[in-house]
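Scroll down for the structure; my scribbles are underneath it.
The values are calculated or read from the model by the stated rules, or taken from the named source; none is laboratory data. Model, not experiment: these values are computed from the prediction. Side chains included, ligands, DNA and RNA excluded: accessible areas come from the protein's heavy atoms. Shrake-Rupley method; radii C 1.70, N 1.55, O 1.52, S 1.80 Å.
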Amino acid sequence: LDEIGFDWDPYKTDWENGFAKLLRFKNREGHCRVPALHVEATFKLGMWVRIQRRYKEKMSAERKQRLEAIEFVWDPFGSSWEEGFAALIAFRSREGHCRVLPRHIDETNFKLGQWVSSQRSNKDTIPTERRRRLDEIGFVWDAHDLTWEEGFSALSSFEAREGHGESLVFREASA
């Protein structure tokens, strides 16, 4: 059997094949976040990755170590959230606020505007720790309310300074 190349441990062979495909993917793409349906030369790499995540607790320490050595992403959703949070921190440092426009894409091609919109849409289901972290950096949960409040504040300042709440533009347009 050895002479004809009999595979004594097909499970190990399959795992090694998957790991090799993942390593090639990482070398080409620069990360291990394989899309769920991704196929690499007829090998369903996305499915293989999903299985590794599912059976992490039952996996040998040696396999875990090998995956971690190539920066395997065990929690893709948590990883994406942290990437978004880091991008928001960078935006805030650069711009001085957290009001990201919905279509904003940062310099690393991260769709920060979509990420921010997703946080706002899911504000009632975001884990408490994540919500706390966003609150700490001045995250704007309702951009429309903030814009209205800023406009009202500007109008109040105008009224206090000019003695009336009606701007010249408004008086001229209604005359």
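Details
- Length, then width, then depth: along the principal axes, the Cα atoms of region 68-143 run 40, 29, 20 Å.
- Taking all protein chains into account, the per residue accessible area for region 1-98 stands at 67 Å² (1.4 Å probe).
- Rounded accessible area of Phe6 (nearest 10 Å², 1.4 Å probe): 100 Å²
- For the pair Glu29 and Arg92, the difference between a 0.36 nm per residue extended length and the Cα-Cα distance amounts to 19.9 nm.
- Above 13 Å, the calculated P(r) of region 24-95 contains 71 percent of its Cα-Cα pairs.
- Contact order normalised by residue count of region 1-100, Cα under 8 Å, 6+ apart, percent: 19 percent
- When the convex hull of its Cα atoms is projected in every direction, mean area for region 12-153 (nm²): 10.9 nm²
- Apportionment of accessible area to carbon and sulfur, region 14-111, percent (1.4 Å): 53 percent
- Surface accessible to a 1.4 Å probe, Asp7 within the full protein complex, Å²: 60 Å²
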